[in-house]
Amino acid sequence: MSGNQVKKATAHIRRKIGSDKVLTDPEALTCYAFDATNMRSLPTAVAFPESTDEVRTIIAMCHRFELKMIPRGAGTGFAGGTVPLEGGVVISTEKFNRILDIDVGQKTAVVQSGVVNGVLQREVAKHGLMFPPDPSSLEVATIGGNVAQDAGGPRALKYGVTRHYVTGVEFIAWDGSVVEPADPMATGRVWDPLGTLMTGSEGTLGFMTQIRLRLLERPRSLRTVLAFFADPVGAATAVSMILASGVVPAAVELIDAVAMGCITQFVEVDIPEGAGCTLLIETDGRSGEAGENMSVVEGVLKEARAMGYRTAESDRERDDLWKMRRSISPSLARLAPNKMNEDVCVPRSSLPALVEAVGKLARKYSLLVPTFGHAGDGNLHVNVMLDRRNRDEVRRAEAMVTELFEVTMKLEGTISGEHGIGITKIEYLPDQLGPDGIRVQGDIKRAFDPQSLINPGKVINRS
Ligand SMILES: Cc1cc2nc3c(=O)[nH]c(=O)nc-3n(C[C@H](O)[C@H](O)[C@H](O)COP(=O)(O)OP(=O)(O)OC[C@H]3O[C@@H](n4cnc5c(N)ncnc54)[C@H](O)[C@@H]3O)c2cc1C
């Protein structure tokens, strides 16, 4: 598309939605060129719609002038999903962030896609309700981003992931038409595969405007414990033992010694000498239930030879433990300028084998690989630290990631437990889906986006 055409298209969008809602100066564009992967590519413009009608207008203009469009929430994605690989208009949900309804009786909420997860959590908590998906980025990440990525989080072990709570999606299709959910009732039975397809589609099928969510009652009791082990394999074995005990904790998070080392420089945690791995475990339920379940977990911890454990004695201590857990990912920047953050996931019984394999691969490729994650779900974040200016290190890191994916698939696991495919895993997807899966996925993309205008270059390689 020529520079003149681009200018014409952005001038049209400005005229329709207001010039204060469209950025084109290079300094501003650089702020929308990347996500949490730090991969970069400049957009042509960034638009900030405030209503469904404004989103519709922007997309209709992009369609008319054949400009690429890239939906963007908070940009915390770990797969390059919002990076405007081929330029185009980034459509940000920054100003599209109203909670439209909370129905306490029905236990549902309707939100604009830019609502921040943590804001929704606090609002529904005022009514004794909870929205279970809790990615560690919840204070920044948006519901639109959560739905597009089908985000998980610590509570996925007991409560499932985002798709289990999406009951309807309104979205704008590639040509600017508004597609509404077929069924107004969360419990209805009208066949509506569109919302299901939008969930986890990583912004490649349309722009989600409104999302209807299912809520649950908030648990009345919580117990949180930090348990210490000599090494990650021992901790992973304890995870399998806890889950075999019949208790389903709300969360079981694993943090290896390197990851723990990054945060203990800022947060005071009394860790026994020689501890090589930590588990953060939470139980919840009706009054008294969390305590009963934690007693069972404590019995298993002793059996699994934990070096010791510490129980949070107050809400404040519990909050501090979770703040500590959520600060691991950003704190890794202390170790190296770059990281390849892989979120591999295996059946829980294979977690010890995965943890062992990660240790072996780190030694084989002489790389620092802090590992942590939602172990109860079999979902581990394997962070290969590197300096991208060092070619040899890049080569070793890439080889390690390839081998990590091979091991994961041999263990009947998945190459992405929650962060998605985006750009970073696109070349590995055929190994996971096989040729027929890839072909059908391409057909779905073509049906939703025949001109490849929506978030091109992500998830699906179209030839
Ligand atoms: C510190 C940290 C911790 C994290 N912890 C977790 C975790 O525990 N669990 C987890 O699952 N993820 C986690 N993530 C990854 C990330 O936060 C999630 O994927 C999150 O859901 C992304 O939300 P976002 O608003 O930042 O979306 P963005 O990064 O802006 O976008 C992500 C994708 O969604 C698409 N998208 C965004 N909005 C829309 C829309 N309205 N319509 C259509 N498509 C849209 C984009 O095009 C893109 O492909 C973490 C990230 C960080 C940085």
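Laboratory data are not the source of any read-out in this text; all were calculated from the coordinates shown. Not measured: the values here are computed from a predicted model. Heads up, the Cβs are rebuilt from the backbone with ideal geometry, glycines too, and the neighbour counts pull from every protein chain shown.
Things worth noting here:
- None of 255, 271, 211 is under 30 Å from residue 50 (Cα atoms) and of a type outside the set (Phe, Trp, Tyr) except 211.
- Qualifying residue in the stretch 94-101 (condition: within 12 Å of the ligand (Cβ to nearest atom), in contact (Cβ under 8 Å) with a residue 40 or more places away in the chain and under 30 Å from residue 3 (Cβ atoms)): yes
- Test: residue in the stretch 219-231 that is of a type in the set (S, T, N, Q), within 28 Å of residue 164 (Cβ to Cβ) and crowded, with 24+ Cβ neighbours inside 10 Å: yes
- If you filter the stretch 117-146 down to residues that are among the β-branched types (Val, Ile, Thr) and farther than 14 Å from residue 326 by Cβ, you find that the one that is farthest from the ligand (Cβ to nearest atom) is 124.
- Taking the stretch 332-358 as the range and being surrounded by fewer than 19 Cβ atoms within 10 Å (Cβ to Cβ), in a helix (DSSP H, G or I) and either among the small types (Gly, Ala, Ser) or within 16 Å of the ligand (Cβ to nearest atom) (or both) as the test, the residues that pass are 333, 334, 349, 353.
- From the options 52, 30, 24, residue that is in contact (Cβ under 8 Å) with a residue 12 or more places away in the chain, closer than 13 Å to residue 87 by Cα and in contact with a strand residue (DSSP E or B) (Cβ under 6 Å, 6 or more places away or on another chain): 24
- The stretch 58-93, subset more than 14 Å from the ligand (Cβ to nearest atom) and among the charged types (D, E, K, R), residue nearest to residue 342 (Cα to Cα): 66
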